[in-house]
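The values are calculated or read from the model by the stated rules, or taken from the named source; none is laboratory data. The shown structure was predicted, so the numbers you read here are calculated from the model rather than taken from an experiment. Methodologically, a virtual Cβ is constructed for each residue, glycine included, from the backbone with ideal geometry; neighbour enumeration extends over all protein chains shown.
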């Protein structure tokens, strides 16, 4: 009975946290919309540029190229290389934030292209759940970093800005050289 209550309490807490994240994201979007509509009302934004403003995030900005396919194919293709597994979900606010900021930062894109490969695993999928149980993943976004032999060398939980993210990744691989 205690176990069921604990699960209910954890799920309720997670739901409340997700709801707060969504509400804060909604407030930010409402503020952006108000600023944008005020700019239009004051004729600070030409009407012919509205299409560019609406599609700016989805078309112009590049992002890292995460592997598209199965985990088995990814591991086979990246044997002998450093790689990471990114675990997230479509409903996760910090996951959306890291995709919109860190993954689209030119510094991280060049670092990623030169140093490693990555795959995104949806935590709501069977593979995502299987990996999360195997590596005891309790929070998302969650990154698992592996060396060229496939040995887990480090993990990052939660959101990080680009500079901190790269610094942390480097600490995993630099530390391994001395072990």
So which residues in the stretch 157-168 are assigned to a helix (DSSP H, G or I) and either free of Cβ contacts under 8 Å to residues at least 60 places away in the same chain or exposed (fewer than 13 other Cβ atoms within 10 Å of the Cβ) (or both)? 163, 164, 166, 167, 168
Of those in the stretch 71-97 that are out of contact with any helix residue (DSSP H, G or I) (no Cβ under 8 Å at 6 or more places or on another chain) and under 13 Å from residue 161 (Cα atoms), the residue surrounded by the most Cβ atoms within 10 Å (Cβ to Cβ) is 95
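Evaluate the following for residue 23: is it part of a helix (DSSP H, G or I), over 17 Å from the mean Cα position of the chain (by Cα), outside the structural domain of residue 166 (by TED's automatic domain parsing) and at pLDDT 75 or above?
Working: part of a helix (DSSP H, G or I): yes; over 17 Å from the mean Cα position of the chain (by Cα): yes; outside the structural domain of residue 166 (by TED's automatic domain parsing): yes; at pLDDT 75 or above: yes.
In short, yes.
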